[in-house]
Structures are given as structure tokens and as C-alpha cells.
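Each reported figure results from applying straightforward, stated rules to the coordinates on display, with no laboratory input. Bear in mind the structure is a predicted one, so any value in this text is a computation, not a measurement. All Cβ positions, glycine included, derive from the backbone under ideal geometry; neighbour counts span all protein chains shown.
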Amino acid sequence: MEIQNLINEIIKFRDERDWEQFHNSKDLALALSVEASELIELFLWKTKGDIDKKRIAEELADILIYTLLLVEKHGLDVNKIISSKLKLNEKKYPVEKSRGNSKKYNSL
């Protein structure tokens, strides 16, 4: 499914419940952080065999929903912002310096 179709589905779901009033940028960003924490919690004190893929999928979906709501709220284009960020990261992390290296760009 295309990203815009997903955004349209999310907006329809939100609008049917009259929730836009709660979806200001600050609260969407906070919700994103909460959902990311819930994702992290699924891995806390767990071994690989203890991972619940269904719960991981649910938390990732929540994260993506809030992300796409922020994208829509600010009139951003997902393809453009990701492509732009990848180009920036290519400059910050040149292959010859960063391959197999976990250091931050300012420590390469």
C-alpha cells in the first residue's frame, strides 16, 4: 500500500473519532516517544526466544501511525525527507570511514 493511502486511512480513522483536536505536534511527538518506549520494553530482560513478534508489530504500527500523522500535519513528503536524510548521512558517514564502524560521524 502506498504511503499516501496509509495516511488517508489513518486520517479517516482519526476523523471518525474526532481525535484531531488531540493531535497537536507536541502530543504526537510525545506519543511517539511513549510508543518507542513500549517497543523497547518488549526487549527488556528477554532473550531472542522470548521475543513476541505480534507485539513488536503492534508497537511498530503505533510508532508509524504517529509518525505519519506528524508527516501529514506538517505537509511533509515521506519519500523526500527520507531521501534527503540519506543523502546527508552519505556525506556524514562516507563508506571508507564508516564501514563496520559504529562511531558517530564527528568521531570518524
**Prompt:** Among 43-52, 2-11, how do they line up from the highest to the lowest mean number of other beta-carbon atoms within 10 Å?
**Reply:** 2-11, 43-52
**Message:** To test your reading of the geometry: what angle, between 0 and 90 degrees and rounded to tens, separates the Cα axis of helix 78-92 from the longest principal axis of the chain?
**Reply:** 20
**Prompt:** So how do GLU72, GLU16, GLU41, GLU58 line up by other beta-carbon neighbours within 10 Å, fewest first?
**Reply:** GLU16, GLU41, GLU58, GLU72
**Item:** Using θ = phi - 60° and Karplus 6.51 cos²θ - 1.76 cosθ + 1.60, couplings along the stretch 94-108 (whole Hz; Gly, Pro as x)
**Value:** x, 3, 5, 9, 9, 4, x, 10, 9, 5, 5, 3, 7, 10, 6
**Prompt:** In nm², what is the average projected area of the convex hull enclosing the Cα atoms of the chain?
**Reply:** 9.5
**Message:** Past 32 Å, Cα to Cα: identify those pairs from LYS54/LYS85; LYS26/LYS97; LYS26/LYS48; LYS46/LYS104, in the order given.
**Reply:** LYS26/LYS97; LYS26/LYS48
**Message:** Between LYS87 and ASP27, what is 0.36 nm times their sequence separation minus the Cα-Cα distance? Round to one decimal in nm.
**Reply:** 18.7 nm
**Prompt:** What order do you get for ASP62, ASP18 when you list them from fewest to most C-beta neighbours inside 10 Å?
**Reply:** ASP18, ASP62
**Complete:** With DSSP loop assignment and no more than 15 other C-beta atoms within 10 Å, the trypsin sites (Lys or Arg not before Pro) in the stretch 51-108 are ARG99, LYS103, LYS104
**Message:** Nearest 500 deg cm²/dmol is fine: what mean residue ellipticity at 222 nm does the chain get from its DSSP H runs of n ≥ 4 alone, each adding -39,500 (n - 2.57), divided by its residue count?
**Reply:** -21500 deg cm²/dmol
